[in-house]
1. Please tell me if LEU672 is in contact with a strand residue (DSSP E or B) (Cβ under 9 Å, 6 or more places away or on another chain) and surrounded by 18 or more Cβ atoms within 10 Å (Cβ to Cβ).
2. Can you tell which of GLU648, GLU703 is assigned to a loop (DSSP other than H, G, I, E, B) and either under 18 Å from ASN618 (Cα atoms) or charged (D, E, K, R) (or both)?
3. Which residue pairs have Cβ atoms under 6 Å apart, sit 6 or more places apart or on different chains, and have a first residue in segment 179-191 that is assigned by the TED database to the domain that holds GLN206 and a second that is at pLDDT 95 or above and of a type in the set (Asp, Glu)?
4. Regarding segment 710-718, can at least one residue be identified that is without any contact (Cβ under 8 Å) to a residue 40 or more places away in the chain, of a type outside the set (D, E, K, R), out of contact with any helix residue (DSSP H, G or I) (no Cβ under 8 Å at 6 or more places or on another chain) and more than 23 Å from VAL631 (Cα to Cα)?
5. Considering only segment 492-507, how many residues are small (Gly, Ala, Ser) and modelled with pLDDT under 95?
6. Can you name the number of the only condition in (1) buried (at least 22 other Cβ atoms within 10 Å of the Cβ); (2) more than 20 Å from VAL521 (Cα to Cα); (3) of a type outside the set (D, E, K, R) that ASN405 fails?
7. Are any of the residues in segment 532-547 modelled with pLDDT under 95 and over 22 Å from CYS630 (Cβ atoms)?
8. Got at least one residue in segment 709-725 being surrounded by 20 or more Cβ atoms within 10 Å (Cβ to Cβ) and of a type in the set (D, E, K, R)?
Amino acid sequence: MAAAPAAAGSGAGRGRRAASTVAAWGGWGGRPRPANILLQLRQGQLTGRGLVRAVQFTETFLTERDIQSKWSGIPQLLLKLYATSHLHSDFVECQNILKEISPLLSMEAMAFVTEERKLTQETTYPNTYIFDLFGGVDLLVEILMRPTVSLRGQKLKISDEMSKDCLSILYNTCVCTEGVTKRLAEKNDFVIFLFTLMTSKKTFLQTATLIEDILGVKKEMIRLDEVPNLSSLVSNFDQQQLANFCRILAVTISEMDTGNDDKHTLLAKNAQQKKSLSLGPSAAEINQAALLSIPGFVERLCKLATRKVSESTGTASFLQELEEWYTWLDNALVLDALMRVANEESEHSQASIVFPPPGSSEENGLPHTSARTQLPQSMKIMHEIMYKLEVLYVLCVLLMGRQRNQVHRMIAEFKLIPGLNNLFDKLIWRKHSASALVLHGHNQNCDCSPDITLKIQFLRLLQSFSDHHENKYLLLNNQELNELSAISLKANIPEVEAVLNTDRSLVCDGKRGLLTRLLQVMKKEPAESSFRFWQARAVESFLRGTTSYADQMFLLKRGLLEHILYCIVDSECKSRDVLQSYFDLLGELMKFNVDAFKRFNKYINTDAKFQVFLKQINSSLVDSNMLVRCVTLSLDRFENQVDMKVAEVLSECRLLAYISQVPTQMSFLFRLINIIHVQTLTQENVSCLNTSLVILMLARRKERLPLYLRLLQRMEHSKKYPGFLLNNFHNLLRFWQQHYLHKDKDSTCLENSSCISFSYWKETVSILLNPDRQSPSALVSYIEEPYMDIDRDFTEE
């Protein structure tokens with residue numbers, strides 16, 4: 001029985017190989033059964049010792065065992081691949097062997113991804129598993145990285161076609177065999193090397209898809225500044241490649257989420273921030289900076305995001321990509337949807353498109369097409385939707401990063417907002433056809449649908465763009481900006497400075513701006529729609545910051561308040577997320593605005609309606625507390641104004657009358673403090689703590705703080721829990737000091753939203769935390785000695 005050739009470059013001679021084989025088998029006592037061989041190989045794969053590769057067996061032995069075990073000849077092919085892939089090889093025979101291996105794995109992977117789960121052969125061990133077990137994955141990594149090896153001062157080269165085959169086989173193995181992707185992710189030099197393969201158009205899509213999967217499981221985020229010639233690489237991408245590259249960027253610029261709920265608490269976030277300060281910028285922040293340093297990067301993203309369907313890549317190049325998708329399984333579900341729609345359209349029109357079987361192509365690499373090939377319009381649209389999804393996500397993440405102001409300036413300069421406005425009706429919020437395009441295994445209303453995902457990503461971008469930034473007025477057109485000025489003039493108040501400073505050449509064009517278009521579709525949205533939450537968040541972000549009467553009136557005149565009240569009261573919305581977003585938006589819309597309260601009272605014109613509204617508020621204070629805060633602040637301002645219009649609203653408005661009652665305020669205060677604890681504080685519910693502080697600050701202004709604390713003490717006793725609430729509140733306020741008085745914390749949000757100076761916030765907290773038990777405004781004065789528990793170190797719990 002002839003010995004197999006040694007592995008190229010491995011240094012393993014025949015004697016050493018024989019010795020390791022004998023050791024792995026436990027002596028020459030007998031040949032192992034196939035199951036034992038696989039077990040030994042698996043053990044060797046985990047330990048790195050013993051049987052690890054096909055080259056450790058003879059071809060005769062593998063052939064004999066293959067007949068019994070039905071390994072599809074894969075171990076023998078790997079044996080030949082070892083022999084033909086040494087450093088001095090011309091790789092011609094090597095490529096032929098890869099062509100033999102590839103279909104054995106691709107059909108199996110296709111079945112796996114399309115959920116048929118039917119193996120191409122009836123074998124106990126799938127082809128991809130056997131390929132990996134006999135060392136195929138490691139061998140392909142070595143072959144791909146041969147260009148990094150110098151031989152006599154010259155870099156080795158392998159053809160794009162060979163690289164493409166290697167990448168395709170690797171990906172198919174990752175799809176079907178558990179653990180392969182994670183093993184590749186651990187090879188950091190290989191991951192970095194993969195980026196260099198994206199310089200070739202022939203291997204770009206395969207490389208990008210494999211990188212995306214690898215980065216998805218990689219424990220530590222890769223640093224883009226370690227990629228050789230990153231700027232040149234990205235700058236040389238065409239628009240289609242850049243859009244696909246955004247799939248990879250989505251993984252590299254987003255902060256990694258550990259998936260642990262505790263990490264979402266403010267305690268944990270503060271601890272992580274302290275740790276990050278000592279470690280410097282995170283990998284995601286470094287990667288964002290690396291991308292922003294590439295000349296023209298953001299401009300190209302903006303062009304991609306705003307490109308019309310008619311301007312997209314021509315039919316031929318897209319068909320070439322579809323052929324890649326047909327064999328490149330990451331996009332199999334998308335292609336399944338695209339082809340189904342293409343077939344439907346071709347049945348009803350003369351335009352036809354013929355898709356070839358995998359592997360068949362013309363000499364120029366394009367699929368066979370009919371003489372009248374014409375890409376169906378729905379396929380063009382879906383092509384553009386899939387690209388825009390990735391691009392908008394990257395822009396959104398950059399907008400929320402450390403270089404936010406720089407990104408804002410560039411996005412405004414490159415007219416992203418007016419570009420999206422022009423696409424709103426025809427692409428972003430287009431009407432669904434009867435055969436609405438959905439992914440395989442999903443329905444039209446599923447959040448995984450490309451159409452729906454694009455809409456949500458678009459709304460998230462608007463939210464990030466508008467939030468506390470003067471550029472939010474770019475969402476309007478010139479006529480709408482003039483309307484804001486007219487509102488200010490009529491109310492005899494100064495015009496908003498940001499409106500005056502807005503560059504009119506960068507705003508939306510057309511009859512309606514983007515904000516107005518959003519309001520129109522928002523009011524038409526079905527009650528059960530998943531978009532309601534994101535729409536409300538996007539509009540609310542336009543109102544956040546310093547309260548603007550003109551902004552509020554602009555939205556009130558378009559019926560927004562009535563729409564919100566209809567959703568809360570008449571449709572009796574049940575979704576907690578939607579309710580929270582609507583309550584938050586209603587609070588920003590009504591805050592300090594007499595006209596808004598008049599409109600509210602006009603709509604909520606019966607006791608029955610008002611009771612439904614209160615029921616929704618009281619069903620979850622975590623969701624409604626921002627509205628409670630805004631109404632409380634408005635009431636305080638109105639009570640200090642001498643104006644007939646204000647006096648009329650105060651006397652007629654049910655909501656203001658309800659909030660003005662001390663028992664109502666105490667009920668809210670007690671529940672707000674009771675539903676949160678330091679250990680459970682998150683970005684979502686910390687607003688409950690700040691709302692409770694607003695109630696007490698306004699009481700302090702009226703010199704009623706001791707009264708409110710005394711009432712809280714009585715409520716504690718009535719609930720048979722003396723000290724429980726006030727001890728908890730004491731701990732919460734101690735945490736508040738640690739959280740908000742940190743030098744990196746931006747306190748302007750609290751100040752702008754409440755119109756109460758941050759110094760008054762700090763003073764009120766200090767007064768409440770005064771350790772002097774003789775102080776009538778100190779919490780400790782209302783906690784009886786036996787129940788005192790205020791010195792707990794909550795950071796240790």
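The values are calculated or read from the model by the stated rules, or taken from the named source; none is laboratory data. Predicted, not measured: the structure shown is a model, and the values here were computed from it. Ideal geometry is used to build each Cβ from the backbone, glycine not excepted, and the neighbour counts take in all protein chains shown. We work out accessible area using only protein heavy atoms, side chains counted, and drop any ligands, DNA or RNA first. Shrake-Rupley method; radii C 1.70, N 1.55, O 1.52, S 1.80 Å.
1. Numbers: in contact with a strand residue (DSSP E or B) (Cβ under 9 Å, 6 or more places away or on another chain): no; surrounded by 18 or more Cβ atoms within 10 Å (Cβ to Cβ): yes.
Against the criterion (in contact with a strand residue (DSSP E or B) (Cβ under 9 Å, 6 or more places away or on another chain) and surrounded by 18 or more Cβ atoms within 10 Å (Cβ to Cβ)), LEU672 does not qualify.
2. Details: GLU648 fails: assigned to a loop (DSSP other than H, G, I, E, B).
Selected residue: GLU703, the only one of GLU648, GLU703 that is assigned to a loop (DSSP other than H, G, I, E, B) and either under 18 Å from ASN618 (Cα atoms) or charged (D, E, K, R) (or both).
3. none
4. Within segment 710-718, the subset without any contact (Cβ under 8 Å) to a residue 40 or more places away in the chain is 714, 716-718.
Now drop any that are not of a type outside the set (D, E, K, R), which leaves 717-718.
Still in the list and also out of contact with any helix residue (DSSP H, G or I) (no Cβ under 8 Å at 6 or more places or on another chain): 717-718.
Next cut, more than 23 Å from VAL631 (Cα to Cα) only: 717-718.
Yes - at least one qualifying residue is present in segment 710-718.
5. First pass over segment 492-507, keeping only residues small (Gly, Ala, Ser): 498, 505.
Now drop any that are not modelled with pLDDT under 95, which leaves 498.
Counting residues in segment 492-507 that are small (Gly, Ala, Ser) and modelled with pLDDT under 95 gives 1.
6. Of (1) buried (at least 22 other Cβ atoms within 10 Å of the Cβ); (2) more than 20 Å from VAL521 (Cα to Cα); (3) of a type outside the set (D, E, K, R), only one is false for ASN405: (1).
7. Among the residues of segment 532-547, not one is modelled with pLDDT under 95 and over 22 Å from CYS630 (Cβ atoms), which makes the answer no.
8. Checked against the condition, which is being surrounded by 20 or more Cβ atoms within 10 Å (Cβ to Cβ) and of a type in the set (D, E, K, R), segment 709-725 yields at least one hit.
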